[in-house]
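Asker: Sharing a structure below in structure tokens format, with a few things to ask.
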Amino acid sequence: MPRETTWVFRPDRGGRRIPEAVQQRTAQRILRYAEQHFTGRYTKLAIRFRGQFCYIDAYTEPEPPGPNWPPRDWPETRDQYLERLRNTPTHLCRLRYYGDDNRWGVAFYTYSNERYELSVFPSGGFLGPPEEAVHVSAGYLPVPTTGGRDHRGQRGRAPRKRSNRNRRRVRGDGR
């Protein structure tokens, strides 16, 4: 008796080659979403397509190193160091195309293993729109510094921590 074959969906396998028209639409969607939600957290987004994959990388402006940088034995100057960091991308995510503009698989780059690892969307599913993948992967982007100003642009102080030592004691017996 021949065995019946059953098809099982594996979100970390397969996919379809991304047509040129889908590549253009997807790149525009990703760029538009990133500009609306993450302006100031990256200097440039690089979106590239290869086979069934769409890779999204971000370039950022590095934090300036401290005044004692670089150490004497460092092989590059301060400017060379900053330029190298500016030209090193942060791998945000890799999308896998399954034939529908709104149903992509997502994988995040793990720097510890130096490879992309399957992930799920916040909805709990393995498939979702590219904008949702960009939103989740933006956690890799640095938060812009505000120069000591709050969200309204006003200078403020961090709230002081109060110690019990400076508080008046209140007794329960009325004294």
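Please treat every number below as a calculation from the coordinates, not as lab data. Keep in mind it's a predicted model, so treat the numbers as computed, not measured. A quick note on method: Cβ atoms are made from the backbone with ideal geometry, for glycine too, and the neighbour counts reach across all protein chains shown.
Asker: Tell me, what ³J(HN,Hα) does each residue in the range 5-18 have, in order and in whole Hz, if you take phi through Karplus 6.51 cos²θ - 1.76 cosθ + 1.60 with θ = phi - 60° and put x for Gly and Pro?
Answerer: Values per residue, Gly and Pro as x: 9, 10, 8, 10, 6, 10, x, 9, 9, x, x, 10, 4, 7 Hz.
Asker: For W7 and T88, FRET efficiency with R0 = 45 Å and r from the beta-carbon atoms, rounded to 0.05?
Answerer: With a Förster radius of 45 Å, E is 0.65.
Asker: Report the full-extension gain for the segment F38 to Y81: residue separation times 0.36 nm, less the Cα-Cα distance, to one decimal in nm.
Answerer: Numbers: separation 43, 0.36 × 43 = 15.48 nm, distance 2.54 nm.
Gain on stretching F38 to Y81: 12.9 nm.
Asker: So, one more: What does the charge count around P130 come to, taking other residues whose C-beta lies under 13 Å from its C-beta (Lys +1, Arg +1, Asp -1, Glu -1)? Kindly include the intermediate steps, with their values, before the conclusion.
Answerer: Numbers: positive: R25, R29, R32, R94, R96, R103; negative: D100, D101, E131, E132.
In short, +2.
Asker: Turning to a different aspect of this structure: Order of S123, S112, S137 from fewest to most other C-beta atoms within 10 Å?
Answerer: Details: S123 9, S112 6, S137 22.
Ordered from fewest to most neighbouring Cβ atoms within 10 Å, S123, S112, S137 come out as S112, S123, S137.
Asker: Further question on the same structure: Let me check I've understood the local charge: for F38, count other residues with C-beta under 13 angstrom from its C-beta, Lys and Arg +1, Asp and Glu -1. What total comes out? Working shown, then result.
Answerer: Numbers: positive: R32, R41, K44; negative: E35, E131.
Charge balance in the 13 Å sphere: +1.
Asker: Here is a follow-up. In nm, what is the difference between 0.36 nm times the number of residues separating E61 and R103 and their Cα-Cα distance?
Answerer: Between E61 and R103, full extension yields 11.9 nm more.
Asker: Direction-averaged shadow area of the convex hull around the Cα atoms of the range 20-142, nm²?
Answerer: Values: hull surface 36.2 nm².
If I average the Cα hull's projected area over directions, I get 9.0 nm².
Asker: Another question about this same structure. Amide H of V106: which non-local residues (sequence gap of 5 or more, or other chain) have their own amide H closer than 5 Å, using H built in the peptide plane?
Answerer: R96, S119
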